[in-house]
């Protein structure tokens, strides 16, 4: 599997995630419309975090102006440039800053660095069903958009999670099942979220390489914007973790060139290819919220 990494975005154009991710081996990201019905059902329970300034209520829908991924300026004040126009998904529109997933009718889980405090909670929306087709349309039904009501629980790294309550119960979507089993080295996993702010992507074909008490390491193909994504056990279809950080996403394609996905070996070999870190779902005290 290929892993992709991204440098720090300009402050004015930054993703909300505090750290970046990458692609290992073959790029295993697929769009919602190309996924199996099984993956689509899981993806229906995931959402993207969008700041209020980027989305506006208009009648029965929310409208938004998303930016094209190809050509998007990334980097820092010392080394920056556009995403190469021939990169995967270059023609798609980016919007979410982080990812999250439903674990009860009105309870959503994301990474701790995505929603740090109540002030942030008050200034964001959670958008379900942000697919390529919706992104192109620039409009989404208000029944798929939810506000963050309050933070129920939160922790910084190494656990790095936020459990939050939405403003109302989510309709026509099921909560994901949460695993109580220990993750083991070699387990096959899939992540579902919004890498680089793109429309929903399913990243399969990955496995667990290392485990600790609070986290585990994988070769998932994820990026900035994937933070908060549900990491799901392929065998059980249950959530085993929350994607929280990884390697650098993009690298410059030659002097003065555009930026391309940073590609690493599937075995996490080489400099800057240390793998993607995931917080264990079993360690965040989620049980008391699951029956809501």
Query - Given (1) more than 16 Å from the chain's Cα centre (by Cα); (2) modelled with pLDDT of 90 or more; (3) part of a helix (DSSP H, G or I), index of the condition residue 70 fails - result: (3)
Query raised in the report: Where residues in the range 230-244 are surrounded by fewer than 24 Cβ atoms within 10 Å (Cβ to Cβ) and out of contact with any helix residue (DSSP H, G or I) (no Cβ under 7 Å at 6 or more places or on another chain), which of them is nearest to residue 103 (Cα to Cα)?
Result: 238
Report summary line: From the option list 162, 180, 200, single residue qualifying as surrounded by fewer than 21 Cβ atoms within 10 Å (Cβ to Cβ) and touching a helix residue (DSSP H, G or I) at 6+ places or on another chain (Cβ under 9 Å) is 180
Query raised in the report: Looking at the range 260-292, which of its residues are touching a strand residue (DSSP E or B) at 6+ places or on another chain (Cβ under 7 Å), surrounded by fewer than 22 Cβ atoms within 10 Å (Cβ to Cβ) and outside any loop (DSSP other than H, G, I, E, B)?
Result: 260, 263, 289
Query raised in the report: In the range 39-64, which residue that is assigned to a loop (DSSP other than H, G, I, E, B) and touching a strand residue (DSSP E or B) at 6+ places or on another chain (Cβ under 9 Å) is farthest from residue 174 (Cα to Cα)?
Result: 60
Query - the range 109-131, subset over 21 Å from residue 141 (Cβ atoms) and in contact with a helix residue (DSSP H, G or I) (Cβ under 7 Å, 6 or more places away or on another chain), residue surrounded by the fewest Cβ atoms within 10 Å (Cβ to Cβ) - result: 123
Query raised in the report: Quick check, is residue 106 touching a strand residue (DSSP E or B) at 6+ places or on another chain (Cβ under 8 Å), in contact (Cβ under 8 Å) with a residue 12 or more places away in the chain and exposed (fewer than 14 other Cβ atoms within 10 Å of the Cβ)?
Result: no
Query raised in the report: Consider residue 55 against the criteria (1) closer than 16 Å to residue 129 by Cα; (2) at pLDDT below 95; (3) over 18 Å from the mean Cα position of the chain (by Cα): it satisfies all of them except one. Which criterion is unmet?
Result: (2)
Requested in this report: Name the single residue, out of those in the range 245-258 being surrounded by fewer than 24 Cβ atoms within 10 Å (Cβ to Cβ) and part of a loop (DSSP other than H, G, I, E, B), that is modelled with the highest pLDDT.
Outcome: 258
Query raised in the report: Is it true that residue 117 is farther than 23 Å from residue 70 by Cα and out of contact with any strand residue (DSSP E or B) (no Cβ under 7 Å at 6 or more places or on another chain)?
Result: yes
Report summary line: Counted residues in the range 205-229 being at pLDDT 95 or above, touching a helix residue (DSSP H, G or I) at 6+ places or on another chain (Cβ under 9 Å) and within 30 Å of residue 139 (Cα to Cα) come to 1
Requested in this report: Could you tell me whether residue 227 is touching a strand residue (DSSP E or B) at 6+ places or on another chain (Cβ under 6 Å) and either assigned to a loop (DSSP other than H, G, I, E, B) or within 17 Å of residue 102 (Cβ to Cβ) (or both)?
Outcome: yes
Requested in this report: Restricting attention to strands (runs of 3 or more DSSP E) lying wholly within the range 115-175, give those where 1 or more residues are at pLDDT 95 or above and closer than 18 Å to residue 286 by Cα.
Outcome: 145-155, 161-166
Query raised in the report: Within the range 10-38, restricting attention to residues that are assigned to a helix (DSSP H, G or I) and over 18 Å from residue 93 (Cα atoms), which residue is modelled with the lowest pLDDT?
Result: 11
Query raised in the report: Would a scan of the range 178-187 turn up a residue that is in contact (Cβ under 8 Å) with a residue 24 or more places away in the chain, in a loop (DSSP other than H, G, I, E, B), within 15 Å of residue 105 (Cβ to Cβ) and over 17 Å from the mean Cα position of the chain (by Cα)?
Result: no
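The values are calculated or read from the model by the stated rules, or taken from the named source; none is laboratory data. A quick note: this is a predicted structure, and the numbers were derived from the prediction, not measured. Quick reminder, even Gly has a Cβ in these numbers, built from the backbone with ideal geometry, and neighbours come from all protein chains shown.
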